[in-house]
Amino acid sequence: EAGVVQSPRYKIIEKKQPVAFWCNPISGHNTLYWYLQNLGQGPELLIRYENEEAVDDSQLPKDRFSAERLKGVDSTLKIQPAELGDSAVYLCASSPDRGGELFFGEGSRLTVL
Amino acid sequence: AQSVTQPDIHITVSEGASLELRCNYSYGATPYLFWYVQSPGQGLQLLLKYFSGDTLVQGIKGFEAEFKRSQSSFNLRKPSVHWSDAAEYFCAVAATGGFKTIFGAGTRLFVKA
């Protein structure tokens with residue numbers, strides 16, 4: 001069974017540029033999460049989807065961040081414009097149900113210069 | 001709101017020695033509790049989880065954890081550490097029903113020969 005796939009693995013951009021990250025969850029997993037992981041810290045939830053509905057986006061900085069999950073499968077997280085402080089690893093995870101194990105992708109490491 | 005504290009930023013143990021990583025949580029009821037491991041450049045992988053029942057849970061790679069309600073703790077243990085166990089370990093808590101998983105800041109484990 002394929003795991004959670006994320007791309008790109010690494011992205012270097014200049015500040016004020018846009019960037020997008022893509023996530024393909026495990027087949028059949030209805031719940032999808034985007035987490036932000038700063039260096040030396042644990043993951044922090046940005047947004048959670050149940051199928052195509054964003055059910056928890058309270059931690060998503062909506063002035064510059066946006067996300068979508070069309071057809072309840074793949075998801076895209078976008079930052080526009082990027083700031084220096086956005087340099088971090090963006091993790092996507094999926095789960096077959098609420099409260100169970102989270103299956104993580106390898107992450108997308110963003111460096112903003 | 002729930003929270004997780006991992007008091008040790010890093011721990012160094014000798015190969016073959018025993019290991020205990022500490023985790024304390026804050027939550028009004030019995031939460032769902034997890035330990036995840038993250039190797040460099042990788043996503044997080046579940047080691048074990050506690051939902052209810054027996055307070056001593058067994059996980060993969062020879063790890064175990066014990067839920068102590070009176071101490072609000074969920075410490076991770078391994079009787080004999082291998083060099084391949086060197087990684088970052090995250091304790092996590094989710095409210096009953098698992099709507100939102102909160103991670104601790106992590107403990108980095110170094111293993112010396």
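The values are calculated or read from the model by the stated rules, or taken from the named source; none is laboratory data. Everything numeric here is computed off the predicted structure, so don't read it as measured data. Here the Cβ positions follow ideal geometry from the backbone for every residue, glycine too, while neighbour counts run over all protein chains shown. Ligands, DNA and RNA are stripped out before the accessible areas are found, and what is left, the full protein with its side chains, is counted by its heavy atoms. Shrake-Rupley method; radii C 1.70, N 1.55, O 1.52, S 1.80 Å.
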Segment A:9-113: GluC sites (Glu not before Pro) falling in loop per DSSP and having at most 12 other Cβ within 10 Å
A:E14, A:E83
Rounded to whole Hz and in sequence order, give me ³J(HN,Hα) for segment B:80-91 from the Karplus expression 6.51 cos²θ - 1.76 cosθ + 1.60, θ = phi - 60°, writing x for Gly and Pro.
8, 7, 10, 4, 6, 7, 4, 4, 9, 10, 10, 8
Residue by residue through segment A:15-21, the couplings from Karplus 6.51 cos²θ - 1.76 cosθ + 1.60 with θ = phi - 60°, in Hz, x for Gly and Pro, are 4, 6, 7, x, 8, 9, 10
Which number comes out as Rg/Rh for the protein assembly as shown once both Rg and the Kirkwood Rh are worked out on C-alpha atoms?
0.97
Any idea of the accessible area per residue across segment B:3-112, 1.4 Å probe, to the nearest Å²?
45 Å²
Pairwise over distinct Cα atoms, reciprocal of the mean inverse distance: report the Kirkwood radius of chain A in Å, one decimal place.
13.9 Å
In debye, nearest 20, what is the charge dipole magnitude of chain B about its Cα centre with +1 on Lys and Arg Cβ and -1 on Asp and Glu Cβ, if you could check?
160 debye
Any trypsin sites (Lys or Arg not before Pro) in segment A:29-113 that lie in a DSSP loop and have at most 16 other Cβ atoms within 10 Å would be A:K62, A:R64
Dmax and Rg, reported as Rg then Dmax, of segment B:3-112 (C-alpha, Å):
13.2, 40
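Rounded to the nearest 20 Debye, what is the dipole magnitude of segment A:5-112 about its Cα centre when Lys and Arg each give +1 and Asp and Glu each give -1 at the C-beta?
380 debye
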Taking a 25 Å limit on the Cα-Cα distance, which of the listed pairs B:K49/B:K100; B:K78/B:K100; B:K68/B:K100; A:K78/B:K100 fall beyond it?
B:K78/B:K100
